[in-house]
Amino acid sequence: MVRMNVMIGVCAILSGCNPFEPQLYSVCEHALQQRLKSPASYKRVDVRYSERPATRHEFLKSIIYVQDSGSRERLISGFDRNPQAKKQYELAITYDAMNSFGAMLRGFATCGFMGESSSDATSLDVTINGETNLDWYRHLLQEQSDK
């Protein structure tokens, strides 16, 4: 019991996490904060969690970057054998954060993840407003090269 209380206290002090929330919350918030002008100013206002079985179309979209055709076929046949195993998790996050002029604004973002368990999510696996981290980095590099 003491060990559990110590773990909860350390988690709350070091990272601001809530040990009673799904891991997906902190993963999504981390990915969202990376995209803000002032990540340190981020304050969560509200979050709504939902999960449902993933559709085949969503699954195919999630493996679009798998280049090897053999790996792709194995993933697809695995999904087709047990489509209920993959779930689509989604968070609707309302937050306050500063813009580039220092004004605090309210924002809204959706964070999505597809997997067998929401605890499998990493910041590289989630989408923010439908955009993967790879897409976001690509846009960031494009903006830098256009300057």
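The values are calculated or read from the model by the stated rules, or taken from the named source; none is laboratory data. Please read all numbers here as calculations on a predicted model, not as lab measurements. Cβ atoms come from the backbone with ideal geometry, glycine included; neighbour counts cover every protein chain shown. Surface accessibility is based on the protein's heavy atoms, side chains included, excluding ligands, DNA and RNA. Shrake-Rupley method; radii C 1.70, N 1.55, O 1.52, S 1.80 Å.
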Query raised in the report: Does the range 11-29 contain any residue that is at pLDDT below 90, polar (S, T, N, Q), surrounded by fewer than 16 Cβ atoms within 10 Å (Cβ to Cβ) and farther than 28 Å from residue 140 by Cα?
Result: yes
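Answer yes or no as to whether residue 98 is loosely packed, with under 15 Cβ neighbours inside 10 Å, at pLDDT 95 or above and farther than 21 Å from residue 22 by Cβ. Even if it seems obvious, please write down each step before you answer.
Working: loosely packed, with under 15 Cβ neighbours inside 10 Å: no; at pLDDT 95 or above: yes; farther than 21 Å from residue 22 by Cβ: yes.
So residue 98 does not fit the description; no.
Of the residues that make up the range 47-59, is at least one hydrophobic (A, V, I, L, M, F, W, C) and open to solvent by 40 Å² or more (accessible area, probe 1.4 Å)?
To start, the set of residues in the range 47-59 that are hydrophobic (A, V, I, L, M, F, W, C) comprises 47, 54, 59.
In the following step, the residues that additionally are open to solvent by 40 Å² or more (accessible area, probe 1.4 Å) were identified as none.
The answer is no, given that none of the residues of the range 47-59 is hydrophobic (A, V, I, L, M, F, W, C) and open to solvent by 40 Å² or more (accessible area, probe 1.4 Å).
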Query raised in the report: Would you say residue 146 is charged (D, E, K, R) and under 23 Å from residue 48 (Cβ atoms)?
Result: no
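Assess whether residue 42 counts as being farther than 16 Å from residue 132 by Cβ, open to solvent by less than 80 Å² (accessible area, probe 1.4 Å) and touching a helix residue (DSSP H, G or I) at 6+ places or on another chain (Cβ under 9 Å).
yes
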Query raised in the report: Which one is farthest from the chain's Cα centre (by Cα) among residues in the range 43-74 that are basic (Lys, Arg) and farther than 20 Å from residue 27 by Cα?
Result: 74
